[in-house]
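The values are calculated or read from the model by the stated rules, or taken from the named source; none is laboratory data. Being a predicted model, the structure only gives us computed values, none of them experimental. Reconstructed Cβ throughout: ideal geometry from the backbone, glycine too, with neighbour counts over all protein chains shown.
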């Protein structure tokens, strides 16, 4: 009798995390204690299960791995396939990448931070051979070539990235979109999300995904019943995205949505959440309009932080009255994943925790955003702001694996809370220091412009705690969900 | 130098099914001829001396019992799993609970605490729950 590593699993290791087991084309990654991992490696060497080369402890561990359905017994020696063999990546672990595969878009959103060009403009320019990379009029972003994209895929594969979310511009606009999808599949990188405006989420698109055995979430912007077209700048966009939500539900593709809150759609929030719930949308994130890029032209539609928070406070009881129709995230103010509890994303830790060693942002530590221009930044807001972008490397000049090894990028995403407190003495003595933990780096980057101090405090998070919003929402929730502490 | 032969012997076992089957047969034969628990440390060493070491020598990869032990210790030392790194990639400031003494599950299982939420049996993906609470543009 021998052990066999089940076909879907592969042995992988990263700098500081050398004992990984990943499941093929999935987001599953396990890191095993070294003694268990060593037993697993030996078991994968066709050593007979009853061999004296295994200690009693190792045999027990291997029995556990069989129970965990990582290993199975085999009557014949079962060596690892080439794909399963141990592979050591030269860099620190990065779980996932949000990747903007184009800066082009078929919407003309009034708040677009990219100032994305229309596809028509881009094609005209390409036909005129003015710009080989379809550089838009603003010159801010462009569409990488297929060759560029395949190189990014190779770099992600070489760094051991496990999952990817595709975004743009409008990712589905690319005629070679499924060539990129196929390259990702070949590289064993799972596409978990396609962020889209929904205009091209149609039967053909879903057929192509289904044919490849993929069922990513379509995360689509929806900016309010009766308000969507205005913000998107395209007549019929609302009808099209609602049709896309319905289609995804019919076809069994999960959906999520983003809602950009501004003066014109505040009153549509409740109706919109209900409608999205009815359409099978599973998650909704709401954030207020951020005045940058194209949004500078509609700055008078922006709402203040207080207006945003008050809107949430007013809306939350209605959300429960409507039966909590989906998983809802209201900025950092509130999160609900059903009727049996709630969370406050602004609250990062318990106040009594010893948090000094915690990463400043757990999200940034595990996810990278690669812009259409190739900038590797810790999150989408940092990619949208020059103040965030200029600090970080470009994948066309710096290998992804290098960026994840002894670099400024790595140092930044591995910044610890104690470093933040040393940088912000006022936060260090604040009564909410651990709960707030400095707030969100992306918000700091997107609000403070090109001269941004990326370690500055997040004023939204600060106001949430120090101006009483935390107390207000928790007291209100005690009334709404009295059984929840 | 013979210590390196241990690794080469493992590699050869993985590549040579006949050798693995021969080792299996020798193991069975030893178990039948010797009484006592195979999990007993002394019996195990006796089996290694009687089976593994001669077999390794036979295939041109000789090593001693001590070298075998040293090789295994070296492999464990090489696996420098950083608890701190594990803590950070398992959710940053949001640490998933790690039940003590829960066997292999005591290690971080990524994919839980990685921004995935489940509703109605389907997995939805959220950028924020992994630790960030930032605005998502677009």
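Summary table below
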| item | result |
| --- | --- |
| Criterion violated by residue B:38 - all others in (1) modelled with pLDDT under 90; (2) within 30 Å of residue A:363 (Cβ to Cβ); (3) facing chain A (nearest Cβ under 7 Å) satisfied | (2) |
| Scope region A:429-448; condition surrounded by 24 or more Cβ atoms within 10 Å (Cβ to Cβ) and either in contact with a strand residue (DSSP E or B) (Cβ under 6 Å, 6 or more places away or on another chain) or part of a helix (DSSP H, G or I) (or both); matching residues | A:436, A:441, A:442, A:443, A:444, A:445, A:446 |
| Residue check, residue A:253 buried (at least 21 other Cβ atoms within 10 Å of the Cβ) and assigned to a loop (DSSP other than H, G, I, E, B) | yes |
| Within region A:34-64, tally of residues that are at the interface with another protein chain (Cβ under 7 Å from one of its Cβ atoms), touching a strand residue (DSSP E or B) at 6+ places or on another chain (Cβ under 7 Å) and more than 21 Å from residue B:22 (Cα to Cα) | 2 |
| Residues of region A:2-29 satisfying the condition of being at positive phi and out of contact with any helix residue (DSSP H, G or I) (no Cβ under 6 Å at 6 or more places or on another chain) | A:25 |
| Whichever residue in region A:171-184 is touching a residue at least 60 places away in the same chain (Cβ under 8 Å) and within 17 Å of residue A:253 (Cβ to Cβ) and, among such residues, is surrounded by the most Cβ atoms within 10 Å (Cβ to Cβ) | A:171 |
| Checklist (1) buried (at least 17 other Cβ atoms within 10 Å of the Cβ); (2) without any contact (Cβ under 8 Å) to a residue 40 or more places away in the chain; (3) more than 20 Å from the chain's Cα centre (by Cα) applied to residue A:483, failing item | (1) |
| Residue A:320 being crowded, with 20+ Cβ neighbours inside 10 Å and either touching a residue at least 12 places away in the same chain (Cβ under 8 Å) or in a loop (DSSP other than H, G, I, E, B) (or both) | no |
| Members of region B:45-61 that are in a loop (DSSP other than H, G, I, E, B) and either under 24 Å from the mean Cα position of the chain (by Cα) or modelled with pLDDT under 95 (or both) | B:61 |
| Region A:1-27: number of residues that are at the interface with chain B (Cβ under 7 Å from one of its Cβ atoms), outside any strand (DSSP E or B) and crowded, with 19+ Cβ neighbours inside 10 Å | 1 |
| Subset of region A:68-86 (residues that are more than 8 Å from every other protein chain (Cβ to nearest Cβ) and under 16 Å from residue A:23 (Cα atoms)) | A:69, A:70, A:71, A:72, A:81, A:82, A:83, A:84, A:85, A:86 |
| Those residues of region B:43-62 which are within 12 Å of chain A (Cβ to nearest Cβ) and without any contact (Cβ under 8 Å) to a residue 12 or more places away in the chain, in sequence order | B:43, B:44 |
| Residues of region A:78-95 satisfying the condition of being farther than 22 Å from residue A:42 by Cβ and surrounded by fewer than 20 Cβ atoms within 10 Å (Cβ to Cβ) | A:90 |
| Verdict on residue A:281 being assigned to a loop (DSSP other than H, G, I, E, B), closer than 25 Å to residue A:473 by Cβ and within 21 Å of the chain's Cα centre (by Cα) | yes |
| Residue A:426 being within 11 Å of chain B (Cβ to nearest Cβ) and outside any loop (DSSP other than H, G, I, E, B) | no |
| Residues satisfying the stated conditions in region A:216-250, i.e. within 11 Å of another protein chain (Cβ to nearest Cβ) and in a loop (DSSP other than H, G, I, E, B) | A:216, A:223 |
| Pair list, Cβ < 6 Å and 6+ apart or interchain, from region A:339-350 residues that are more than 9 Å from chain B (Cβ to nearest Cβ) to residues that are assigned to a loop (DSSP other than H, G, I, E, B) and modelled with pLDDT under 90 | A:341/A:484 |
| Selection count, region A:289-311, where residues are surrounded by fewer than 21 Cβ atoms within 10 Å (Cβ to Cβ), within 14 Å of another protein chain (Cβ to nearest Cβ), modelled with pLDDT of 95 or more and not in a loop (DSSP other than H, G, I, E, B) | 1 |
| Any hit, region A:262-270, residues being buried (at least 22 other Cβ atoms within 10 Å of the Cβ), modelled with pLDDT of 95 or more and closer than 23 Å to residue A:165 by Cβ | no |
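Yes/no matrix, rows are residues, columns are (1) modelled with pLDDT of 95 or more; (2) in contact with a helix residue (DSSP H, G or I) (Cβ under 6 Å, 6 or more places away or on another chain); (3) in a loop (DSSP other than H, G, I, E, B); (4) crowded, with 20+ Cβ neighbours inside 10 Å:
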residue	(1), (2), (3), (4)
A:39	yes, yes, no, yes
A:42	yes, no, no, yes
A:52	no, yes, yes, yes
A:66	yes, no, no, no
A:73	yes, no, no, no
A:112	no, yes, yes, yes
